[in-house]
Amino acid sequence: MFQNVLLSIEDSHEWNRLLPSSRSVFGSHGYASISARFRNCSPRLYVASSSKAAVCYPIQLRPLSELKFAANTEGEWDATTPDFTGPMLQGDEPELVEAFPQLRDKHFRESKIVAEFAHLHPWQEAEALLPEGRELNREIVWIDTTLSPEELWSTHFEHSCRKNIQTAQRSGITIFEGSTDAHLEEFYRIYRATMERNNALPSYYFSLEFFRAFRNELQGNSRFVMAEREGKIVAATLYLYDDQDVFSFLGGADAEFQQFRPTNMVIWDTIRWAWETGRKRLILGGGYKPDDGIFRFKSTFSRHRKPFHIYKRIHLDKDYRLLDRQCRDHYALNGDPISYFPSYRFVKSA
C-alpha cells in the first residue's frame, strides 16, 4: 500500500518533482547539492508515499566514521536536517499520516541510521507526522508580508525601528541586490568579520565559494541584499526564499558603520520586496539565547512570534548507548551529563 524510497542528489529529476525549490528552498535539490560539497554531509530525500499522497523528508546523513573516536557499531550514520524543514505532507491521506512514523523508523533502521535530529518548519504542522520527540527550542520573530509595508510601519514596527530606518535614510544608506564577484567578496568580508566579532562557532565559518554557490546554483531562491554608504558596502544579508517564505539566512554588518543603522535598511528593503513579490512571511529567526540583544533587535520589526521546535529520535538504541559510552571514555566525562543530541557528537572544548 505504501512505498518507501531514500533519494540521493544523483536522483535530481525525482527530487525536483517531489519537492521543488518553490515549495521548500531548504529542502530543495539545489540546497542539498551545496550542502553536500560544503557541509560534509550526504543529503537524502526520504519519501513515504501512496497513490494519493506523499510525505517528503529532506535529511543530511553524517558518517559515524568521522567521529574523533572509533565507532565500533553496526550503524553507519546519523541524520540531521536543513533549517526549517522536517517531514512535509503533499495530498490528503490520513492512513499515510498515521503510518508515517513506523514507516520512517523501519526505513531508517534498515539504512543504519543511529539517531535523528530535525529542525522543524513552524508552519508545516509536523505534529501528526512526528507525534513523539518534538521539543520547543525557542521563539522566533516573523513578519506578515501579506500586510503592506505602510501597515507594518504603522502597526508593527516599534518607534526605535522606525527611527533607525529614518537615520539610515538620512545618512545616505542605499540598498541594492548584489550579484557580481566583487559584491560577493564584500559580502564575505563583512560576514567573516561579523563571525569573528561575535565569536561564532566553527560551523559558521563558510568559505567564499559556499556563498558563490548560492548565487550560481540557487539564483531563483537566493538574494544578496547589500547596504552601501558613500561607495562602501557596510552591511549585507543573504536571504533564501521559496513561494511562501523568505528566510534571513546569513549576513553581517561593518562595525565601523553601525551608527548609521544599515541593517535596518536591509530588512526594510526585504520586507517591501517580499510584499511586492507575493511572499507570505519574512522569517527573521531568534537569538542565540532567549531575549538576547539579537532577539530584541528583530522584535522591533514585528509583534509576531512563533514557537520553533526541534525533534530527537534514537533508531538504533544499542548502537547509540555504545557510542555514548565511547564518547565519554574518549573525553573522560565519567558520569557528567551531556546536554547535546546525539550525545556522542559532543566535542569537548580545549
### Message
Go through region 143-182 and report how many residues are under 30 Å from Glu217 (Cα atoms), among the hydrophobic types (A, V, I, L, M, F, W, C) and either part of a loop (DSSP other than H, G, I, E, B) or touching a helix residue (DSSP H, G or I) at 6+ places or on another chain (Cβ under 9 Å) (or both).
### Response
4
### Message
Go through region 211-239 and report how many residues are out of contact with any Leu (no Cβ under 7 Å at 6 or more places or on another chain) and part of a strand (DSSP E or B).
### Response
13
### Task
Quickly run through region 205-221 and pick out the residues that are without any contact (Cβ under 8 Å) to a residue 40 or more places away in the chain and of a type outside the set (D, E, K, R).
Tyr205, Leu208, Phe211, Asn216, Gln219
### Given (1) free of Cβ contacts under 8 Å to residues at least 60 places away in the same chain; (2) acidic (Asp, Glu); (3) in contact with a strand residue (DSSP E or B) (Cβ under 6 Å, 6 or more places away or on another chain), index of the condition Asp292 fails
(3)
### Query
What do you reckon, is Tyr340 loosely packed, with under 13 Cβ neighbours inside 10 Å and assigned by TED's automatic domain parsing to the domain that holds Arg109?
yes
### Task
Just need a number here: residues in region 280-323 that are modelled with pLDDT of 95 or more, surrounded by fewer than 19 Cβ atoms within 10 Å (Cβ to Cβ) and among the small types (Gly, Ala, Ser).
1
### Query
Between residues in region 116-127 that are assigned by TED's automatic domain parsing to the domain that holds Val97 and residues that are basic (Lys, Arg) and in a strand (DSSP E or B), which pairs lie under 6 Å by C-beta distance while being six or more apart or on different chains?
Glu116/Arg313; Phe117/Lys312; Pro122/Lys306
### Query
For region 236-255, which residues satisfy the criterion of being more than 16 Å from Phe224 (Cβ to Cβ) and modelled with pLDDT of 95 or more?
Asp242, Asp243, Gln244, Asp245
### Selected residue [surrounded by 15 or more Cβ atoms within 10 Å (Cβ to Cβ), small (Gly, Ala, Ser), over 29 Å from Lys289 (Cα atoms) and in the same structural domain as Thr237 (by TED's automatic domain parsing)] from Gly172, Gly178
Gly178
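The values are calculated or read from the model by the stated rules, or taken from the named source; none is laboratory data. Note that the coordinates shown come from a computational prediction; the quantities given were computed from them, not determined experimentally. Counting neighbours? That spans all protein chains shown, and the Cβs are built from the backbone with ideal geometry, glycine included.
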